[in-house]
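The values are calculated or read from the model by the stated rules, or taken from the named source; none is laboratory data. Everything numeric in this text was worked out from a predicted model, so none of it was measured. Please note: Cβ atoms are built from the backbone with ideal geometry, for glycine as well, and neighbour counts cover all protein chains shown. Heavy atoms of the whole protein, side chains included, go into the accessibility calculation; ligands, DNA and RNA do not. Shrake-Rupley method; radii C 1.70, N 1.55, O 1.52, S 1.80 Å.
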Amino acid sequence: MKDTIRILATGLGADVCGFAAIGRFKDAPKGFSPLDLYARCRSVIVFGVALPKGLFQIDPRLIYHHFHETVIHRKIDQIALELARTLEKQYTCHALPIPCDDPYEYWDAEAMEGRGLLSMKHAAVLAGLGTLGKNTLLLNRAFGNRLNIGVVLTDMELPSDPLAETVCIQGCTKCTDSCPVGAIQNGTVVQKLCREFAYGAKTAKGNGTTSCNRCRTVCPLALGS
């Protein structure tokens, strides 16, 4: 069944797909567990869509921003919706697509810190799709840190995939050293520092921009193998 679901996900546009049984989320923070969203959840299906390598070779201000902040999120949500619909048609199950970014409710205005309904990158780790790099981004052997993540919760019982081995280079500090505002600290990112520097500016027309993605692009494994 997992192989069939993987084929469904990749047929819809995903580059990778993994599975985590609900037991792997036992340490999720209160309020941010799959069970907090769907009490009948027994398995978490996680998929990833990779950004093109070319977006990592240019100034991120406009083109990277458009595709990373707008287009890719819409595509992931569409895949999640269609995957959930297809699972319910083909199997005796219920499936719940989770928004990959907005909307979510947790927001600390003073710290400019937001939390999604579910941590997509941690779900991806628990489903064996990669590990977290020092820049806190998901790092996948084949796709580097180019993956954006989507999730579908289901009441089907599906076994977990093996956890991935880290490919983050021991002793490498390029991501932390390159941050202009020192936002990467002690294995986390100070969101206020990052947001104010990287996302504060707009075009004359009022469009959002991304001023910095250095922690992503300087990684020696950013593009994967």
By residue number, the members of segment 22-57 that are open to solvent by 30 Å² or more (accessible area, probe 1.4 Å), modelled with pLDDT of 95 or more, small (Gly, Ala, Ser) and not in a helix (DSSP H, G or I) are ALA28, ALA39
Which pairs have Cβ atoms under 7 Å, sit 6 or more apart or on different chains, and link a residue in segment 140-161 that is at pLDDT 95 or above to one that is among the hydroxyl-bearing types (Ser, Thr, Tyr)? ARG141/SER225; ALA142/SER225; LEU153/TYR38; THR154/SER43; MET156/SER43; MET156/TYR91; GLU157/SER43; LEU158/SER43
Which pairs do you get when a residue that is within 13 Å of LEU55 (Cα to Cα) and open to solvent by 70 Å² or more (accessible area, probe 1.4 Å), found in segment 195-224, comes within reach of a residue that is assigned to a loop (DSSP other than H, G, I, E, B) and modelled with pLDDT of 95 or more, reach meaning Cβ atoms under 9 angstrom, with the pair 6+ apart or on two chains? ARG214/CYS179; ARG214/PRO180
Which condition does ILE63 not pass, out of (1) surrounded by fewer than 19 Cβ atoms within 10 Å (Cβ to Cβ); (2) within 19 Å of the chain's Cα centre (by Cα), if it passes all the others? (2)
Among MET120, MET112, which is touching a residue at least 12 places away in the same chain (Cβ under 8 Å), surrounded by 14 or more Cβ atoms within 10 Å (Cβ to Cβ) and either in contact with a helix residue (DSSP H, G or I) (Cβ under 7 Å, 6 or more places away or on another chain) or of a type in the set (Val, Ile, Thr) (or both)? MET112
Residues within segment 74-90 that are within 15 Å of the chain's Cα centre (by Cα) and open to solvent by less than 40 Å² (accessible area, probe 1.4 Å), tallied: 3
If you scan segment 1-21, which residues turn out to be open to solvent by 50 Å² or more (accessible area, probe 1.4 Å) and of a type in the set (A, V, I, L, M, F, W, C)? MET1, ILE7, LEU12
Check whether at least one residue in segment 6-19 is at pLDDT 95 or above, more than 30 Å from VAL218 (Cα to Cα) and part of a loop (DSSP other than H, G, I, E, B), and report yes or no. yes
Please list, ordered by residue number, the strands (runs of 3 or more DSSP E) wholly in segment 91-177 having 2 or more residues that are within 11 Å of the chain's Cα centre (by Cα) and not β-branched (Val, Ile, Thr). 147-154
